[in-house]
1. Residues of the stretch 14-53 being under 16 Å from residue 118 (Cα atoms), acidic (Asp, Glu) and either within 12 Å of the chain's Cα centre (by Cα) or buried (at least 17 other Cβ atoms within 10 Å of the Cβ) (or both), which ones?
2. Evaluate the following for residue 21: is it in a strand (DSSP E or B), of a type in the set (Asp, Glu) and touching a residue at least 24 places away in the same chain (Cβ under 8 Å)?
3. Restricting attention to the stretch 38-61, does a residue exist that is over 30 Å from residue 131 (Cβ atoms) and in a helix (DSSP H, G or I)?
4. Could you tell me whether residue 78 is of a type in the set (Lys, Arg), surrounded by 14 or more Cβ atoms within 10 Å (Cβ to Cβ) and at pLDDT below 80?
Amino acid sequence: MADILTNPKARRDYHVLETFETGIVLRGTEVKSLRAGKGQISDAFARVENDEVWLYNAHIDEYSHGNLQNHQPKAPRKLLLHKSEIRKLFGLASVKGNALVPLSFYWKNGMVKVALAVAKGKVQYDKRQDLKKRDADRELKRAAMQRFKGR
């Protein structure tokens, strides 16, 4: 599974509670643009509306060789899930503080899939803790490499 697009803000700004693999309804020019890696999902989010899940603010650049039928870059896109998954998502997303955030777009069997997460927003304190932990891990690795090279 090669990632087409990733959301760098997702794991930094949210605690991921659960992930779902979803399909997405795309037009031909959108798929061609994604094959070229043209897009971003850092500001994207999803909502459950009328027993359907919609992805908003996912920017897929217009296809460079497209014509008048080229797609709108920020158009809402329908996500494809089973009805039971949609009900579960609705229940999880309706909890105060939870959000539906796309983690990545990727290829699976020639189809574009979306890794959709139910996530809870982090507060500033949590982000600082993550940075401290990452820095400490980096220092440990650096010290271990120095010791290893010294032999």
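1. Answer for the stretch 14-53, where residues must be under 16 Å from residue 118 (Cα atoms), acidic (Asp, Glu) and either within 12 Å of the chain's Cα centre (by Cα) or buried (at least 17 other Cβ atoms within 10 Å of the Cβ) (or both): 21, 43.
2. Values: in a strand (DSSP E or B): yes; of a type in the set (Asp, Glu): yes; touching a residue at least 24 places away in the same chain (Cβ under 8 Å): yes.
Yes: the conditions hold for residue 21.
3. Within the stretch 38-61, the subset over 30 Å from residue 131 (Cβ atoms) is 38, 47-54, 60-61.
Right, trim to in a helix (DSSP H, G or I) and you get none.
Scanning the stretch 38-61 turns up no residue that is over 30 Å from residue 131 (Cβ atoms) and in a helix (DSSP H, G or I).
4. Considered against the rule, which asks whether it is of a type in the set (Lys, Arg), surrounded by 14 or more Cβ atoms within 10 Å (Cβ to Cβ) and at pLDDT below 80, residue 78 comes out as no.
The values are calculated or read from the model by the stated rules, or taken from the named source; none is laboratory data. Note that the structure is a prediction, hence the values are computed from the model and not measured. Because the Cβ atoms are built from the backbone with ideal geometry, glycine has one as well, and the counts that use them run over all protein chains shown.
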